[in-house]
Number of protein chains: 2
Amino acid sequence: MAVKGKKWILAKLFEEEPKLSDFQIVEEEISTDLKEGEVLVEALYLTVDPYMRGRPYKVGDTLIGEQVGRIKESKNPSYPKGTLVLAYTGWRTLTLVSNPDEKAVFGTLVKRLPDFGDLPPSLGIGCLGMPGLTAYFGLLVQGEVKAEDTVLVNAAAGAVGSVVGQIAKIKGCKVIGSAGSDDKCDWLKEIGFDHVFNYKKRSVDDALKEFAPEGVDLYFDNVGGDFSYDVMKSHMKFAGRIVICGAISIYNDAQLLTERSTAMFTIYKQLTIRGVIVGAFVDRFPEALTKMLQWVREGKLKYKESITEGFDNMPSAFISLFRGGNTGKAVVKV
Amino acid sequence: MAVKGKKWILAKLFEEEPKLSDFQIVEEEISTDLKEGEVLVEALYLTVDPYMRGRPYKVGDTLIGEQVGRIKESKNPSYPKGTLVLAYTGWRTLTLVSNPDEKAVFGTLVKRLPDFGDLPPSLGIGCLGMPGLTAYFGLLVQGEVKAEDTVLVNAAAGAVGSVVGQIAKIKGCKVIGSAGSDDKCDWLKEIGFDHVFNYKKRSVDDALKEFAPEGVDLYFDNVGGDFSYDVMKSHMKFAGRIVICGAISIYNDAQLLTERSTAMFTIYKQLTIRGVIVGAFVDRFPEALTKMLQWVREGKLKYKESITEGFDNMPSAFISLFRGGNTGKAVVKV
């Protein structure tokens with residue numbers, strides 16, 4: 001026996017913004033003669049998320065993604081017929097899954113939908129699913145949010161941003177959100193954001209001068225590009241924290257994505273990047289110097305000086321730094 | 001009474017790489033009739049450091065920086081005549097300091113040189129001064145170095161890099177350094193680096209494939225630009241750490257500095273930037289969902305769904321994401 005399902009495959013590789021003509025819908029025949037362990041999943045709700053843009057597809061690949069589905073047929077006792085599941089099976093109406101417990105990007109290929117009681121099951125791909133969890137762990141773990149923080153989030157009316165802002169409010173923060181329409185801004189005010197602005201009408205510079213005159217402690221970034229540049233240039237507090245969750249402003253620009261931005265590497269590898277400016281540690285200089293002096297005396301820390309003689313030669317000693325002229329410390333002896 | 005000192009001022013604003021003609025030496029008369037609290041500092045050793053390139057000078061400004069000096073005249077009991085000091089007084093041979101305890105970039109304008117015993121006092125602006133301390137706090141505090149780390153440092157034969165690599169060795173790490181000449185590389189091997197490469201002869205990609213096939217845990221960056229891009233793209237371990245200390249590759253390029261790089265903001269504000277990828281937290285999903293479900297039930301976490309009807313409309317729902325079409329979560333209902 002067999003049933004007919006549909007799937008969306010890539011007809012052409014994305015160039016800049018995805019177009020309808022990049023996609024192709026295909027019918028497929030799926031056997032219902034299941035082997036031991038197999039399940040047949042029927043899609044109820046499918047998610048579309050910006051991250052799907054960035055994967056290294058080939059022409060003909062099925063678009064990736066998660067769905068809330070129902071087990072239509074089963075030869076797997078862990079997932080009996082009728083079970084509601086989350087399945088990372090791509091843009092498909094029907095999927096035969098040979099091994100539901102195979103590892104996938106958000107855990108296993110198939111897993112039971114958590115029990116949401118009377119709430120809609122679609123929340124499993126929304127605020128109680130991947131986007132909501134991204135907000136949760138991004139803000140609480142990676143962002144180490146604190147009650148006194150001034151938090152900025154962009155794409156704030158989106159699936160992740162709207163949860164970020166609300167969790168920050170639950171934690172006691174002052175929350176500023178940006179979105180791209182007045183309707184979105186209205187909704188954000190309704191759900192408790194302290195300040196919102198429509199970035200198409202007002203620059204982030206201008207808005208933050210008013211809403212965060214003392215700077216931002218925690219910037220949750222879904223957008224990247226110029227927005228982030230402006231925030232980093234002028235609006236972060238000293239020792240501020242930035243969580244990079246997405247960079248939707250550059251997903252459709254191959255040049256920005258490949259030549260300018262390290263945001264995607266920071267996300268995929270979940271890197272921690274920190275600046276260092278020694279002036280911030282002045283109080284701890286004595287402790288450090290005691291240790292370092294000891295290392296020098298023990299021969300564990302060796303030094304070399306590139307000494308230039310004469311105050312009159314300071315500029316040439318300085319210029320030489322940019323030409324690799326010094327080994328060890330460049331010093332001018334008067 | 002008065003004495004004559006010399007100072008270096010900026011004759012022209014820097015464009016690209018500093019040139020000798022950008023600098024001008026000037027004689028100045030300095031009164032030796034000191035008022036209460038004042039000291040006259042005579043320079044012994046002056047430091048030149050790449051960071052001096054990046055300050056917002058005006059024409060006529062004295063170049064900034066620290067020196068090891070000796071108190072030549074004093075009306076301040078804390079700094080009697082003959083005391084060796086560190087003074088943040090710029091490129092000057094003689095400086096009258098009205099208030100030695102005024103706050104400056106590395107503590108106070110004048111401070112006693114720590115007692116190095118028989119070691120040269122010039123170390124106070126070297127491995128036992130600002131560059132050494134930058135390495136210390138950058139690696140230990142900002143980088144949270146651990147014994148099992150594979151550490152990469154560039155400009156490794158420089159004042160900061162050479163200390164970074166040696167402290168990492170003291171802490172038990174595997175240390176890889178890059179420098180711009182074979183002589184520098186030889187010295188780095190001598191002082192205990194595990195692997196070194198001359199980046200002018202060998203790409204960082206190629207070198208790291210050999211020296212860090214499993215990736216880099218901690219990248220201490222003094223260089224920025226393409227070097228950093230290549231490291232971030234292909235050689236960081238998951239959850240790796242990057243300390244940004246400098247970006248010498250872009251200091252002399254106004255376009256790179258102002259249009260491309262957020263490195264300087266990360267340094268000056270000592271920011272922490274972290275990626276988030278929710279798949280890394282799969283084990284903690286149940287705990288998070290319990291919490292979030294509770295927030296939804298309490299009305300603290302509200303949601304909105306932008307539902308598109310019909311599997312056939314998935315591409316348009318997806319495309320709409322990049323045009324701000326959704327408020328809340330974009331979902332497709334089959």
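Observations, loosely collected:
- For residue A:148: the one exception among (1) in contact with a Lys or Arg (Cβ under 9 Å, 6 or more places away or on another chain); (2) more than 8 Å from chain B (Cβ to nearest Cβ); (3) closer than 17 Å to residue A:51 by Cβ: (3)
- Count of segment A:220-249 residues which are small (Gly, Ala, Ser) and more than 10 Å from chain B (Cβ to nearest Cβ): 3
- Every condition in (1) more than 7 Å from chain A (Cβ to nearest Cβ); (2) within 20 Å of residue B:48 (Cα to Cα); (3) of a type outside the set (D, E, K, R) holds for residue B:175 except the one numbered (2).
- Any chance residue A:285 is within 23 Å of residue B:240 (Cβ to Cβ), part of a helix (DSSP H, G or I), among the aromatic types (Phe, Trp, Tyr) and facing chain B (nearest Cβ under 7 Å): no
- Taken across segment A:313-324, residues that are farther than 17 Å from residue B:18 by Cβ, out of contact with any Gly (no Cβ under 7 Å at 6 or more places or on another chain) and not in a strand (DSSP E or B) do not occur at all.
- Scanning segment B:182-198 for residues being touching a residue at least 24 places away in the same chain (Cβ under 8 Å) and either within 12 Å of chain A (Cβ to nearest Cβ) or among the basic types (Lys, Arg) (or both) gives a total of 7.
- Only a single item in (1) in contact with a helix residue (DSSP H, G or I) (Cβ under 6 Å, 6 or more places away or on another chain); (2) buried (at least 24 other Cβ atoms within 10 Å of the Cβ); (3) over 17 Å from residue A:302 (Cβ atoms) is not met by residue B:150, and it is number (1).
- When every residue of segment A:316-325 is checked against the conditions, at least one turns out to be among the basic types (Lys, Arg) and at pLDDT below 95.
- Picking from residues in segment A:59-93 that are of a type in the set (S, T, N, Q) and under 30 Å from residue A:14 (Cβ atoms), the one that is surrounded by the fewest Cβ atoms within 10 Å (Cβ to Cβ) is A:62.
- Lone unmet requirement of (1) within 18 Å of residue A:305 (Cα to Cα); (2) modelled with pLDDT under 95; (3) charged (D, E, K, R); (4) in a helix (DSSP H, G or I) for residue B:118: (4)
- Hey, residue B:209 surrounded by fewer than 21 Cβ atoms within 10 Å (Cβ to Cβ), modelled with pLDDT of 95 or more and part of a loop (DSSP other than H, G, I, E, B) or not: no
- The single residue among A:157, A:168 that is farther than 17 Å from residue B:329 by Cα, among the small types (Gly, Ala, Ser) and either without any contact (Cβ under 8 Å) to a residue 60 or more places away in the chain or more than 12 Å from chain B (Cβ to nearest Cβ) (or both) turns out to be A:168.
For (1) on the phi < 0 side of the Ramachandran plot; (2) buried (at least 24 other Cβ atoms within 10 Å of the Cβ); (3) more than 23 Å from the chain's Cα centre (by Cα), each residue gets a yes or a no:
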{"site": "B:218", "(1), (2), (3)": "yes, yes, no"}
{"site": "B:249", "(1), (2), (3)": "yes, no, no"}
{"site": "B:267", "(1), (2), (3)": "yes, no, no"}
{"site": "B:284", "(1), (2), (3)": "yes, no, yes"}
{"site": "B:289", "(1), (2), (3)": "yes, no, yes"}
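- Residue match in segment A:121-139 (condition: in contact (Cβ under 8 Å) with a residue 12 or more places away in the chain, surrounded by 15 or more Cβ atoms within 10 Å (Cβ to Cβ), away from every other protein chain (no Cβ under 13 Å) and outside any helix (DSSP H, G or I)): no
- Members of segment A:121-168 found to be of a type outside the set (A, V, I, L, M) and touching an Asp or Glu at 6+ places or on another chain (Cβ under 8 Å), listed by number: A:122, A:126, A:129, A:131, A:146, A:148, A:149, A:150, A:154
- Residues located in segment B:299-312, provided they are assigned to a loop (DSSP other than H, G, I, E, B) and over 15 Å from residue A:129 (Cβ atoms): B:299, B:300, B:302, B:310
- Residues in segment A:221-230 include at least one that is free of Cβ contacts under 8 Å to residues at least 60 places away in the same chain, surrounded by 24 or more Cβ atoms within 10 Å (Cβ to Cβ), out of contact with any strand residue (DSSP E or B) (no Cβ under 6 Å at 6 or more places or on another chain) and not hydrophobic (A, V, I, L, M, F, W, C).
- Looking only at residues in segment A:320-332 that are buried (at least 18 other Cβ atoms within 10 Å of the Cβ) and of a type outside the set (Gly, Ala, Ser), the one that is farthest from the other protein chains (Cβ to nearest Cβ) is A:326.
- Cβ-Cβ distances below 9 Å connect the following pairs, each with a first residue in segment A:261-277 that is without any contact (Cβ under 8 Å) to a residue 60 or more places away in the chain and more than 7 Å from chain B (Cβ to nearest Cβ), a second residue that is buried (at least 21 other Cβ atoms within 10 Å of the Cβ) and of a type outside the set (A, V, I, L, M, F, W, C), and a separation of six or more residues or different chains: A:261/A:224; A:263/A:221; A:263/A:224; A:263/A:228; A:263/A:246; A:263/B:275.
- All positions within segment A:94-103 that are charged (D, E, K, R) and surrounded by 14 or more Cβ atoms within 10 Å (Cβ to Cβ): A:101
- The set of residues from segment A:108-120 being in contact (Cβ under 8 Å) with a residue 12 or more places away in the chain and within 7 Å of chain B (Cβ to nearest Cβ) comprises A:114, A:116.
- Filtering segment A:305-318 to residues that are facing another protein chain (nearest Cβ under 7 Å) and surrounded by 18 or more Cβ atoms within 10 Å (Cβ to Cβ) leaves A:305, A:311, A:314, A:315, A:317, A:318.
The values are calculated or read from the model by the stated rules, or taken from the named source; none is laboratory data. The structure presented is a predicted model; accordingly, all values stated were derived computationally and were not measured. Cβ coordinates were reconstructed from backbone atoms using ideal geometry, including for glycine residues, and neighbour counts include every protein chain displayed.
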